[in-house]
1. Evaluate E = 1/(1 + (r/R0)^6) for residue 389 and residue 463, where r is the Cβ-Cβ distance and R0 equals 25 Å; express this FRET efficiency to the nearest 0.05.
2. Residue 270: net charge of surrounding residues, Cβ under 13 Å, Lys/Arg +1, Asp/Glu -1, itself excluded?
3. Report the extension gain between residue 349 and residue 329 in nm, rounded to one decimal, defined as 0.36 nm multiplied by the number of residues separating them, less their alpha carbon distance.
4. Sum up the charges of everything whose Cβ sits under 13 Å from the Cβ of residue 363, counting Lys and Arg as +1 and Asp and Glu as -1, but leave residue 363 out.
5. What is the ratio of the Cα radius of gyration of the range 373-414 to 2.2 N^0.38 Å, where N is its residue count, to two decimals?
6. If you plug each phi of the range 307-319 into the Karplus form 6.51 cos²θ - 1.76 cosθ + 1.60 with θ = phi - 60°, what whole-Hz ³J(HN,Hα) values come out, in order, with x for Gly and Pro?
7. Can you compute 3J(HN,Hα) from phi for each residue in the range 244-256, using the Karplus curve 6.51 cos²θ - 1.76 cosθ + 1.60 with θ = phi - 60°, rounded to whole Hz and x for Gly and Pro?
8. Would you please state the base-10 log of I(q)/I(0) at q = 0.12, 0.14, 0.26 1/Å for the range 104-180, with intensities from the Debye formula using one equal scatterer on every alpha carbon?
Amino acid sequence: MDQIREYLSQNKDRFVNELIELLKIPSVSADSAYTQDVLNTAEAVAGALRKAGCDAVEICETKGYPIIYGEKIAGEDLPTILVYGHYDVQPPDPLDLWNSPPFEPVVRKTDLHPEGAIFARGASDDKGQMFMHIKALEFMVKKNLLPCNVKFMIEGEEEVGSVSLADFVKENRGKLANDIILISDTGLIANDVPSVTTGLRGLSYVEVTVTGANRDLHSGLYGGAVANPINVLAKMIASLHDENNHITIPGFYDKVLELSQKERELMAEAPFDLEEYKKSLDIDAVYGEKGYTTNERNAIRPTLDVNGIWGGYTGEGAKTVIAGKAHAKISMRLVPHQDPDEITELFIRHFKSITPQGVRVEINPHHGGEPYVTPIDSIGYKAASRAYETTFGTPSVPHRGGGSIPIVPLFEKELGSKTILMGFGLNSDAIHSPNEHYGIWNFLKGIETIPYFYQFYTELFKSQGS
Ligand code: BES
Ligand code: MN
Ligand code: MN
């Protein structure tokens, strides 16, 4: 596998340019205005897999966007790695906060990325990280070094809840049979601290609407005399946390798996500089649940956050009005062993119970997902950890990710295999935000590291069995 470094030095400009071409296609799955672009991206991914040497590449139609499947079978007795990634991206708005257009990728140097980073929507989440796997395969196929079987499954609906993929997995258990699932859709602690992501949070997501009078009202003629849905919604939302920033929904914490003191101490060993953290965000203090550190708050503790809130007049100048309706989108990040459906139910029951007279509340649940934890004594974890150590030159540390990939627990349920999360992004990549970017160093390091995972995993598999 050591030939990878030479292969990279010969091909890195081409790799970056190919990724840039992929990033130019605006594959926004949430917005139907981009439907044709999402479909074009699916074609482009299938083409890239074929070019990399994948056999049997298929564009699998679904009720939603297609799933790209491809495989390269090296031998019946060899283990099979299933690579998952997504080619869809988040909407790019707010557009005016981008320093360059989201679908016109540019390379710029930053303090964290002296070698340059590619700025574009999807650069890190997940086109750039998914593409590393295609290029790593290209290398192994070209140099005749592929040590095991590989299957690719790249979807186009991750950012909207992987609805079609869930059916696809259930209907294609045989085709997708594998020994381990490998995903690069998370991050490293830092470029000098390689880290296998050992957990993902679950998600429960609701949209609430508070309705007052049957129409918008003059805030002078009616103000003070009837409920203002925006005031009421703000008050209801504020009451969902207490003075210690604990969530007040009855039963919310009942099933939360509390980590032992030892596990918390282990977590605290991962390098983290609170001052740097605050500086990078321009904040004078962190904020969160009493009794937990920042890294605990964003990984092993559940949260409740308003993601959007609207209603009434938000245009220029002042309009004196009491809106008839107020809305909010609320996400709850969940940890083992919270159940998303149960949490949604608890939210609905509680939110209804705190509704004051004079308004009506309507709650619509959106897609959710279960939390996930990867065991660190598995051969998959060991192979990933060793691969990072080989190419980064420093031992890797386990690290819980705060984000969610709801399809991962479903993979385990339907396919019976564990997932290894080998991310190469950084928290500062601004995923889902304006100016998303992905370090070229990170992109190339990923391509360098992945073949070692294949090698170590195959060796461990042969010596120990799965
Ligand atoms: N790649 C992210 C998830 C992620 C990022 C996990 C960094 C851990 C570290 C994924 O594309 C994503 O954005 N997931 C959504 C959930 C989905 C249901 C829209 C999320 O976490 O908000
Ligand atoms: Mn992603
Ligand atoms: Mn995402």
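1. Working from the Cβ atoms, E equals 0.85.
2. Every neighbour counted, the sum reads -4.
3. Full-extension gain reported as 5.5 nm.
4. Summing Lys/Arg as +1 and Asp/Glu as -1 gives +1.
5. 1.36
6. So the J values, rounded to whole Hz, are 9, x, 8, 8, x, x, 8, 10, x, 5, x, 10, 10.
7. Computed from phi, the couplings for the range 244-256 are 9, 6, 7, 7, 8, 5, x, x, 4, 8, 3, 9, 4 Hz.
8. -0.55, -0.71, -1.20
The values are calculated or read from the model by the stated rules, or taken from the named source; none is laboratory data. Owing to the predicted nature of the structure, the values given are computational and were not obtained by experimental measurement. Positions of Cβ are generated from backbone atoms using ideal geometry, with glycine treated the same way; all protein chains shown enter the neighbour counts. To get the accessible areas, we keep the full protein, side chains included, count just its heavy atoms, and leave off ligands, DNA and RNA. Shrake-Rupley method; radii C 1.70, N 1.55, O 1.52, S 1.80 Å.
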